[in-house]
Structures are given as structure tokens and as C-alpha cells.
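The values are calculated or read from the model by the stated rules, or taken from the named source; none is laboratory data. What you are looking at is a predicted structure, and each value in this text was computed from that prediction instead of being measured. No Cβ is skipped: glycine too gets one built from the backbone with ideal geometry, and neighbour counts run over all protein chains shown.
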Amino acid sequence: MASDEGFSDFFYAAPDGLKLHARIYGERNAGGWPVICLPGLTRNARDFHELALHLSSKVENPRKVIAFDYRGRGQSDYDPDIGHYNVGVEAGDVLAGMSALGVEQAAFVGTSRGGLIIHVLGALKPTVLKAIVLNDIGPVIEAEGLAHIRSYLDRAPKPKTFAEAVDAQRLVHSADFPALTDVDWARMVRAICRETAAGWVPDFDPALVDTLANVDFSKPLSDLWPQFEALAAVPLLAIRGANSKLLSVATFEEMGRRHPGMESVTVEGQGHAPFLETGDLPEKIAAFLDREEKQAK
């Protein structure tokens, strides 16, 4: 049963038995493609709360929306083997969640790491993909952007109060996100942190940071162009933050050349990754899904 916040919690077992979590919005909606939301490296299902509410209740064609917590994030169990914190295992976890929910196909919204998982799903089980929204991610990851992520994760502050947590996020990210309002910053903190007796802490397994320890940022990172090209027949909306350090303009433009049907949106005043609940992004995403589903019939 849905909570007063518009969603219900769903727990299921990963292929290796780990207990994982997802939020389900509009669980009784059955009229259109369901939407699966996949967050970034250290993020969780709360990132998609406002977008999920919009897609599940504030549009003419309300959809079921499923937002996943990967292992080690949010309400999912931490994995004692940090080697399992990789996109291949996480893609398998998503497929297990879909199976547990009886969802055979869906539209996917992937932010950052979530978009990489979509590339893997396209290789593992392409029939599950009805449409794709990639949020500030593509087949080429700029080493500078990933190094920036590791840098602020390594130096993450330990705020005692909510106000200190908001100030800490502003200090790190405000240069890339001048478009954000006070409300946006507060919502961000509530999405990525949890309150404990010690203060506001990031809501993920600290061991996740160790998965970036051996990356050589002086060399180009491996690309996923073959996997991206395999998605050519799937409708695609690609979103890029104008100030993104992770997804370059060159890669964004090349994605459009290799996927001629790709729709693209550049979000001014935001970096990696744009907040999908801001501006007219919810409306654009909903319209894209409605349009593509109508054409598929």
C-alpha cells in the first residue's frame, strides 16, 4: 500500500541473496509503460521522488514508477564484498527486481551510473528497454569529472546539523549549479543524506569510495560506444548539464550522430548531474515517454 508520501517500499532478494529495496509509485497504474529510475554512484531512490510523483500522478497518462536503491545505498543492504559494487552486478540486481515485480519491459531513466547500467542491460537483455532517458551520462566518461567525484567523496565533511549539511553541498557544487534555489539545495541534502546521532551522513556504504581508488585518471577511461550503438533502435532522450565535467559537449554531439533519433536537452545553470525535478524537465520527460509509446502502438 502506498504511503502518504505517494509510494510504497518493496524489498526483494538479489541473485546472491542480499536484501535490496525499491520505491514503487503509482503501483496500481497499468495504462502505460512502467518507468524504472536508476540513480548515480552514491545516490538512491530518493533522488527521483518529485519526478516519480509527476509521472505517476500529475500527468494524463499516469505510470507505475520504480526507483531502485542499489546494494550499499539507501535502504538496501551493504555488501561485505566491495567487489560486487560494479555495474554488471547492479544490472543483474535490477533485472531481479523487475522479475520479482512481474515487470517484463519498461522505460528507463538513468542518472550517471544508472545510465551505465542501462548500457549493460542493453547487452544483457535488450528486450526490457522500451525507451531511455540518459541524465548526464554517455558512452565516454571524462576522467576529470570522475576525478572530481572521487575528490569530494574523499574529503566529504561531517556536518552536525542540517544547515551545515546544506552549506557543505553548496561549497562543493555551487559553482556548477548556479541555477539551484535554497529549496533545491535542501531537497538535495534530504535525498543524499540521512540523519544520525552523529549528524547528517551520506546514505551509502563508505566502502563505495574505495571502488574508485585504483582508477588512473591520467589516462582515458574505457568507452562504451559499441554498447551505445546497440541501443540505436530504442527511443532516447539525452540530458546534459551545461556545466557538466563528466559528459563533454563532443561526446553529447557524437551520441546524436550515432543515434539519429536521439532527442537532446541541455540544462543551463547545472552541472553533473541535472536535477530532474527542476524547471520543465518533468514535463519534457513525460511528453517524451507519451510520444514514443504512442508511436510504438
### Residue list for the stretch 258-274, filter: part of a loop (DSSP other than H, G, I, E, B) and more than 17 Å from the chain's Cα centre (by Cα)
259, 260, 261, 262, 268, 269
#### Entry: Contacts under 9 angstrom Cβ, first residue in the stretch 284-297 being under 9 Å from residue 131 (Cβ atoms), partner modelled with pLDDT of 95 or more and of a type in the set (Ser, Thr, Tyr), 6 or more apart
none
### Query
Out of (1) part of a helix (DSSP H, G or I); (2) touching a residue at least 40 places away in the same chain (Cβ under 8 Å); (3) within 21 Å of residue 17 (Cβ to Cβ); (4) under 13 Å from the mean Cα position of the chain (by Cα), the odd one out for residue 91 is which?
(2)
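Scanning the stretch 228-279 for residues that are of a type in the set (Val, Ile, Thr) and under 23 Å from residue 55 (Cα atoms), which turns out surrounded by the fewest Cβ atoms within 10 Å (Cβ to Cβ)? Quick ask: steps written out before the conclusion?
Kept after step one, since they are of a type in the set (Val, Ile, Thr), are these residues of the stretch 228-279: 234, 239, 249, 251, 265-267, 278.
Next, only the ones that are under 23 Å from residue 55 (Cα atoms) stay: 234, 239, 265-267, 278.
Values: 234: 18, 239: 27, 265: 17, 266: 14, 267: 24, 278: 20.
In this case the residue turns out to be 266.
Among 61, 44, which is the only one that is of a type in the set (S, T, N, Q), under 27 Å from residue 233 (Cα atoms) and touching an Asp or Glu at 6+ places or on another chain (Cβ under 6 Å)? Break it down stepwise before answering.
On the way: 44 fails: under 27 Å from residue 233 (Cα atoms).
Criteria check complete, one pass: 61.
For residues that are β-branched (Val, Ile, Thr) and under 19 Å from residue 72 (Cα atoms), scanning just the stretch 30-57, find the one that is surrounded by the most Cβ atoms within 10 Å (Cβ to Cβ).
Within the stretch 30-57, the subset β-branched (Val, Ile, Thr) is 35-36, 42.
Of the ones still in play, those that are also under 19 Å from residue 72 (Cα atoms) are 36, 42.
Working: 36: 30, 42: 21.
Here the residue is 36.
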### Query
Inside the stretch 174-220, can you point out the residues that are assigned to a helix (DSSP H, G or I), touching a helix residue (DSSP H, G or I) at 6+ places or on another chain (Cβ under 8 Å), under 25 Å from residue 281 (Cβ atoms) and touching a residue at least 40 places away in the same chain (Cβ under 8 Å)?
187, 188, 190, 191, 192
